[in-house]
1. Loop only per DSSP, at most 15 neighbouring Cβ atoms within 10 Å: give me the chymotrypsin sites (Phe, Trp or Tyr not before Pro) in the range 102-133, ordered by residue number.
2. Take ASP59, ASP292, ASP14 and sort them by solvent-accessible surface of the protein heavy atoms, 1.4 Å probe, largest at the top.
3. Specify whether the C-alpha gyration tensor of the range 136-200 places it in the rounded, prolate or oblate class, a ≥ b ≥ c being the square roots of the eigenvalues: rounded for a/c under 1.5, otherwise prolate if a/b is larger than b/c and oblate if not.
4. Over the heavy atoms of LYS166, what accessible area does a 1.4 Å probe trace out, to the nearest 10 Å²?
5. Does the range 14-79 classify as rounded, prolate or oblate by the C-alpha gyration tensor (a ≥ b ≥ c root eigenvalues; a/c under 1.5 gives rounded; else a/b over b/c gives prolate, otherwise oblate)?
6. Mind running the shape call on the chain? Use the C-alpha gyration tensor, a ≥ b ≥ c as the square roots of the eigenvalues: rounded below 1.5 for a/c, prolate if a/b tops b/c, oblate otherwise.
7. Largest first, how would ARG78, ARG73 line up by accessible area (1.4 Å probe)?
8. Please give every one of the lysines within straight-line cross-link reach of LYS237, meaning a C-alpha to C-alpha distance under 27 Å, and leave out same-chain neighbours fewer than 8 residues apart.
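The values are calculated or read from the model by the stated rules, or taken from the named source; none is laboratory data. From a predicted model like this one, the values you see are computed outputs, not experimental measurements. Neighbour counts run over all protein chains shown; Cβ positions are idealised from the backbone, glycine included. For the accessible areas, the whole protein counts, side chains as well, though only heavy atoms, and no ligand, DNA or RNA atoms are used. Shrake-Rupley method; radii C 1.70, N 1.55, O 1.52, S 1.80 Å.
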Amino acid sequence: MNTTNPSTILVIDDDPAIRKVLSLGLERIGYQVRLATNGREGFDLLESEDFDPDCILLDIRMPVLTGREALPRIRERRPLIPVVMLTAFNDLATGLEAMKNGAFDYLVKPSRLEQIEETIGRAVRYKRIIREKLEQDRKSEEYRKTLELTMESRTLELNETYEKLKAANMQTVQVLAETIEAKDQYTQGHCERVRKLSVRIASKLGMDKKQIIALEYAALLHDIGKIGIPERILNKKGPLDADEIEVMKMHPLIGAQILSIVEFFAPAINGVRHHHERWDGKGYPDKVAGEDIDPLARRSSRCFSRRSSTRITSEAGMFSAAQNL
Ligand SMILES: [Fe+2]
């Protein structure tokens with residue numbers, strides 16, 4: 001027993017002699033003792049004061065409120081306090097029944113002090129272990145909540161940083177798109193319009209956020225390969241000759257090569273490469289057909305055929321579709 005902070009025992013018994021004997025005996029072995037003369041008084045003591053005994057000795061037969069009646073109330077209000085029933089010599093069945101109803105143990109009156117000390121010692125240790133376990137659980141819960149809050153705040157910070165990075169990337173991409181347009185006088189504002197329309201189409205088709213971001217990059221940068229096309233071809237007044245058309249057809253490949261330098265653009269590369277492919281395989285540069293075309297650069301003829309007066313047999317990219325709208 002911890003003598004610096006002695007455990008407290010509440011003795012509830014109507015017999016003054018028993019109270020006296022138990023009180024003296026328990027105090028002699030180092031316990032603090034509080035006394036009550038019946039179940040009601042004991043229960044009121046537990047209710048009215050900031051009183052947290054380490055064990056309750058509860059007599060069964062008492063006036064006003066018997067131990068049998070007081071036990072469930074004590075268990076309900078103070079479930080952590082072990083209750084040891086005090087039973088008469090010829091009333092063992094009641095002691096056993098009380099244990100079934102939540103009593104920690106029972107002692108038969110009169111018991112030897114050693115036996116009382118042993119039983120109370122077990123009860124006090126039990127209470128201490130339960131209290132320590134609860135304290136540990138409380139600390140673990142507190143730690144878990146703190147960790148959760150820290151994680152939430154870190155996630156928030158990360159999300160904010162990610163959003164800033166995303167916005168910065170998008171700005172860079174927009175600047176790149178403007179660079180293309182500055183070179184090609186026929187495409188002023190074209191990339192931004194294609195991006196907006198592509199995103200609207202993709203949202204209608206139920207594409208997820210990640211795919212839509214890749215689509216935005218692909219839409220804004222689909223013609224970035226035009227950087228590698230001579231300006232005399234890009235801005236030529238009148239139709240291009242066969243050789244010039246072949247040079248012009250290089251721009252999806254050049255665009256894909258430019259994007260392959262930056263890992264961040266990886267999901268958009270094939271969308272850019274395939275933006276002039278056709279569902280029937282008659283597009284360029286790879287002449288791939290149908291579902292071999294990158295999903296970002298593919299559309300279902302059913303989705304857009306209502307907008308066309310003729311039957312659409314070829315498939316172009318979502319942003320190619322947007323270009324046609
Ligand atoms: Fe193009």
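1. Working: sites: PHE104, TYR106, TYR126; in loops: PHE104.
Taking the range 102-133 and a limit of 15 other Cβ atoms within 10 Å, no loop chymotrypsin sites (Phe, Trp or Tyr not before Pro) are found.
2. Working: ASP59 5, ASP292 110, ASP14 60 Å².
I get ASP292, ASP14, ASP59, largest accessible area first.
3. Values: a/c = 11.11, a/b = 4.22, b/c = 2.63.
Verdict is prolate for the range 136-200.
4. Answer for LYS166: close to 40 Å² accessible.
5. On the way: a/c = 2.05, a/b = 1.27, b/c = 1.61.
Because a/c hits 1.5 or more and a/b fails to exceed b/c, the range 14-79 counts as oblate.
6. Numbers: a/c = 6.19, a/b = 4.46, b/c = 1.39.
Prolate, since a/c reaches 1.5 and a/b exceeds b/c.
7. Largest accessible area first, the list is ARG73, ARG78.
8. Those lysines meeting the cut-off are LYS183, LYS226, LYS249, LYS282.
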